[in-house]
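Read the figures in this text as sums done on the coordinates, not as results from a lab. Everything quoted here is computed from the prediction, not taken from an experiment. Cβ coordinates were reconstructed from backbone atoms using ideal geometry, including for glycine residues, and neighbour counts include every protein chain displayed.
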Amino acid sequence: MITKETVRHVAKLARLELEPEEENRLTAELGAILGYVEQLGLVDVTGVEPTAQAIPMQSLLRADRVKPALTVDEVLQNAPSPEQGMFRVPRIIGE
């Protein structure tokens, strides 16, 4: 059973300020939620295998394939100002 004191305690832990009408509403709502959870505990699950997914999952990603990599020249082809085989970027430290 959820009490107003429990709601106040949870609100304090969550650093929430509740108005008295909010405390009343949340007490009823949390009580209903916990009542539903208790009903779930009464369901007979004998013979039901534990599972992490309700339906089978398939990966939509393609399999990894090894392919030839780009050459340094190909990589730097669109760089605004390559320098000695590297990307030249603006200096941001120690200006």
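Suppose only helical runs count, i.e. DSSP H with n ≥ 4. What mean residue ellipticity at 222 nm does that imply for the chain under -39500 (n - 2.57) per run, divided by all residues and rounded to the nearest 500 deg cm²/dmol?
Only helices count here, giving -12000 deg cm²/dmol.
Hey, if you put +1 on the Cβ of every Lys and Arg and -1 on every Asp and Glu Cβ in the chain, which of 78, 10, 30 ends up farthest toward the positive end of that dipole?
78
In what sequence, highest mean first, do 66-78, 17-29, 46-58 appear when ranked by Cβ atoms within 10 angstrom?
Descending mean neighbour count gives 17-29, 66-78, 46-58.
Hey, with R₀ at 41 Å, roughly what FRET efficiency would residue 92 and residue 66 work out to, going by the Cβ-Cβ distance, to 0.05?
Calculated transfer efficiency: 0.70.
With +1 assigned to the C-beta of every Lys and Arg and -1 to the C-beta of every Asp and Glu, and no other charges, what is the dipole magnitude of the chain about the Cα centre in debye, to the nearest 20?
The dipole of the chain has a size of about 440 debye.
Using the Kirkwood radius over Cα pairs, work out the Stokes-Einstein diffusion coefficient for the chain at 25 °C and 0.890 mPa s, in µm²/s as a whole number.
Diffusion coefficient, whole number: 116 µm²/s.
How tilted is helix 20-41 with respect to the longest principal axis of the chain? Cα atoms for both, answer in degrees (0 to 90, nearest 10).
Result, in degrees: 90.
Just grab the label-to-label distance for residue 45 and residue 4, each label 7 Å out from Cα along the Cβ direction, in nm (one decimal).
Here the answer is 3.6 nm between the modelled labels.
Fully extended, how many nm does the chain gain between residue 78 and residue 24 (0.36 nm per residue separation, minus their Cα-Cα distance)?
So the chain would gain 13.1 nm between residue 78 and residue 24.
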